[in-house]
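What follows is a single structure, written as C-alpha cells, with notes after it.
Please treat every number below as a calculation from the coordinates, not as lab data. Because the structure is predicted, anything quoted here is derived from the model rather than measured. Reconstructed Cβ throughout: ideal geometry from the backbone, glycine too, with neighbour counts over all protein chains shown.
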Amino acid sequence: MPTRPSSDPRGHDGPCPRGLPRAQAQGRPRARGRPRAPRRPGRPVVWATLDRILGPRWRTPPTTRRRPRTASGARSRSAARRQAVPRYGIGFGAPRAMVSPDAQRPPRPDPRARLEVAVMSREPGRYLRIGASDRATRVGLYALVVVFPLVLAFAAQHETDHPLTQEIAKGLALCGYAILALQPILAARYRWIERPFGLDIVYRFHRGMGVAAGLLLVLHPVLYAVGGEWELLLGYSHGWEVALGKVALVVLVALIATSVFRRALRLPFETWRGIHDGLALSVLALGFVHSVAAGGDLQGEPARLVWFGLFSASLASYAVHLRSVWRRSHGDDFEVVRVAQETHDVWSLELRPPVPEKGIDHLPGQFMFLTLHRATGPTEEHPFTIASAPSPDGKVVATIKESGDFTKSIGDTKVGDRASLRGPFGRFSHRLHDDDRPLVFVAGGVGVTPMLSMLRHMRETRADRTVLLLYGSRREADIVARAELDDIANEAPPSVRVAHVLSDADDGWEGERGHIDRACIERHADGLDGKAFYVSGPPPMISAVTRALRDAGVPIEDIHFERFSL
Ligand SMILES: Cc1cc2nc3c(=O)[nH]c(=O)nc-3n(C[C@H](O)[C@H](O)[C@H](O)COP(=O)(O)OP(=O)(O)OC[C@H]3O[C@@H](n4cnc5c(N)ncnc54)[C@H](O)[C@@H]3O)c2cc1C
C-alpha cells in the first residue's frame, strides 16, 4: 500500500524517521518551545513519558547520581576552582586573590595536592568555608526566633488593664517557651548549626539555654502571683489549662535537675538520655497546649501562626533525633576490618565503609559517633575521635581507652563485626586555622588521638609544618602509638618533636615527670609567641593547661581545645 511522504503537511498517519518527533520529521514547527527527548527504540511508552517529565536522571540510584565531570575532571565549576588552587602549590582553600602570577603557568602535577583534594572534597570543604559572618547569622537568627513571638504578641495588644508584673510574666513565658522549642533543633546535630561552632559548643549552649528557659518559666507563675493572682499559683480552683501549665513546670524542673545533677545522681548516660528524651517531649507538648489554651496574647493570627510553626519545627527536630536513634541501632554499614591492642587498656578499631563514597569525609582531628553491633556488649552510641588521617578509601580508625561500661568491652570487638558511624563533627583541626605558625600540641592520655590524626595527615601530605607534641601519660606503658610518633619525629617534613611527660614514672625514666604545666610548656616550646596551641584530653587537664597558657599571655584565640566530654 502506498504511503504518504513524511514531508506531507497533512501526513499525520504516515511513517517518520525513528527517534524524531513527528512534527519535526515533517518539517512542521514544534508545538512547545522545549525540545523533546527522543524516544529510545523498543522502550515502553510509560518509561519514555516519565523520562520526559522527570528527566533521564530520575532512574539513577542515589549513590551514582552525580554531576558529570567537567573537562578538568571536577564535578562542578566551583569544584574545578577548588581543585585549581592546590595544584599550584597554594594551600587548600586559600583565597583566590592569593593565587600568585605563577598560577598562569601550566599546572605541574603535585601528588600531595591531589591527595589533599581527593580526601577533602565534600564535607571538609564546607567546614573550611565557614567564617565569622556564618556564626553571627546563626546567633542572630536564634535571637530573632526567641523574641519574635513576644514582639508579635505585644504588637497585637492595644491596651491592657493587667498589672505590669503580669505583662512581664507573659513575656517571660513566651521567650522561655520559644527557647524550649528551639532545644530539640539545637540537639538534632544539624550540620548547618554544628559546622560553624563545633558540636561541643552547641551542646554547651543547649545546656545553658535549657537552664535559662527553666528560670524564665519558673518566674512566669511567680510574677503572676506577685501581681495578685496567688490563687493561680497555690489554689486548685482554676481551669484545666492552668493545671496543665503547673504539670509542665514540674516536669521541666525534673528535666533540668536530672541533666545538671546527672553525675551526682549516678545516672548512667544511656538511662539519663532516655529520661531526658521522654521528659523533653512531655514538657514541649504540655507547655504548648497550656500556652494556646491559656495564653490570651496568642489570639492574633500572626502570633498564632508563628507559635504553631515553632512547635512544628520543634517536633520535626525531635522526629529527626528519633530517626537517628533508629538508624544507629539498625544501620550497620561499616565493617570492623582490624582490631589492634595499642597498650594494656587501649584498642584501635579500623572500620571500612561498604564503598568509599559512603565513608566519613572528615578533617584530621574531627570526631564521630560510633555504634558497634556485636554478638555481645552494649549497642550504644559514643563519641570518638577519628584517629586516622583522612583517606580516599573511606576507612577510619578509632583508638579507644577502656574506661566505663561500654569502652571496657572494646577489646571483645571482632573483625567482621558491624558498626554505624555518624560524623564528622567538631572544629578541632589545624586545617581550620591554616597558617604557617608553629604548632604546640598538648595531649593528656587518650586525648592524643586527634593529634595522631593531624600528625598522620601532615606526614601523608608532607606538610611543611613545625610541631611540638607534649604528651602526658601516667606511666610508660600507657603511651599510645609511641613507635609511630618516633617515626614521624624522625622524618621530615613535617618537623615534629615529641616530649613525653609521665605523672607516675618508674625510677629509670629519664624524661619529664609530673604534669604538663606552664613551666613544662615554656621549657619545651622555646617561647610561646606566635604559636598556635591545641589541647586535648579530659576536662580537668584542659582547664589546667588553658589556664597556664592564659597566665603565660597566650591570646585565647590561639588556644584550641577538645574536651573528651560533651
Ligand atoms: C569529642 C570527643 C572525642 C573523644 N575521643 C575519644 C577517643 O578518641 N578515644 C577514647 O577512648 N575516648 C574518647 N572520648 C571519650 C569517650 O567518648 C568516652 O570515654 C566514652 O563515651 C565513655 O563511655 P563508657 O560507657 O565506657 O563510660 P561511662 O563511664 O559510661 O561514661 C563516661 C562519660 O562519658 C560520656 N559519655 C558516655 N556516653 C556518651 C555518649 N553517648 N555521648 C556523649 N558522651 C557520652 C559521659 O559524660 C559519661 O559520663 C571522646 C569524647 C569526646 C566528647
> Hey, rough spin-label estimate for Ala132 and Phe205, points 7 angstrom out along Cα→Cβ, what's it come to in nanometres?
Replying inline: 1.7 nm
> Residue-wise, which Karplus ³J(HN,Hα) couplings in Hz belong to region 368-378, taking 6.51 cos²θ - 1.76 cosθ + 1.60, θ = phi - 60°, and x for glycine or proline?
Replying inline: 9, 9, 10, 10, 9, 10, 10, 5, 10, x, x
> Using the reciprocal of the averaged 1/r over all distinct C-alpha pairs, how large is the Kirkwood radius of region 442-511 in Å?
Replying inline: 12.4 Å
> Non-local amide H neighbours of Arg427 (under 5 Å, H modeled in plane, Pro and chain starts lacking H): which ones?
Replying inline: Leu199
> For Leu286, what charge total do you get from the other residues with a beta carbon under 14 Å from its beta carbon, if Lys and Arg give +1 and Asp and Glu give -1?
Replying inline: 0
> Taking +1 at the Cβ of each Lys and Arg and -1 at the Cβ of each Asp and Glu, which of Leu252, Leu284, Trp240 sits farthest along the dipole of region 238-290 towards its positive end, judged by Cα position relative to the Cα centre?
Replying inline: Leu252
> Where the centroid of each part is defined by its Cα atoms, how far is region 428-455 from region 293-355 in Å?
Replying inline: 28 Å
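Dipole size in debye (nearest 20) for region 132-328 around its Cα centre, Lys and Arg Cβ +1, Asp and Glu Cβ -1? Spell out each step's value before the answer.
Details: 17 positive and 13 negative charges, 274 e Å.
Its charge dipole is roughly 1320 debye.
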> Of the peptides 487-500, 451-464, how do they stack up when ordered by the mean number of other Cβ atoms within 10 Å, highest first?
Replying inline: 451-464, 487-500
>> For region 332-425, what are Rg and Dmax over the alpha carbons, in angstrom?
In response: 12.0, 35
> At Leu528 and Phe308, where each label point lies 7 Å from the Cα along Cα→Cβ, what is the point-to-point distance in nanometres?
Replying inline: 5.8 nm
>> Which order do the peptides 127-140, 237-250, 343-356 come out in when sorted by mean C-beta neighbours inside 10 angstrom, highest first?
In response: 343-356, 237-250, 127-140
> Separation between the Val292 and Asn490 pseudo-spin-labels, each 7 Å from Cα along Cα→Cβ, expressed in nm?
Replying inline: 7.0 nm
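Based on a Kirkwood Rh over C-alpha pairs, give the Stokes-Einstein translational diffusion coefficient of region 430-563 at 4 °C and viscosity 1.567 mPa s in µm²/s.
Working: Rh = 14.9 Å.
Taking Rh from Cα pairs, D becomes 87 µm²/s.
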>> Of Phe406, Gly445, Ala489, which is farthest towards the positive pole of region 404-512's charge dipole, taken about the Cα centre with +1 and -1 on the beta-carbons of Lys, Arg and Asp, Glu respectively?
In response: Phe406
>> Is there a quick way to get the dipole size of region 163-245? I mean about its Cα centre, with the Cβ of Lys and Arg at +1 and of Asp and Glu at -1; what is the value in debye to the nearest 20?
In response: 540 debye
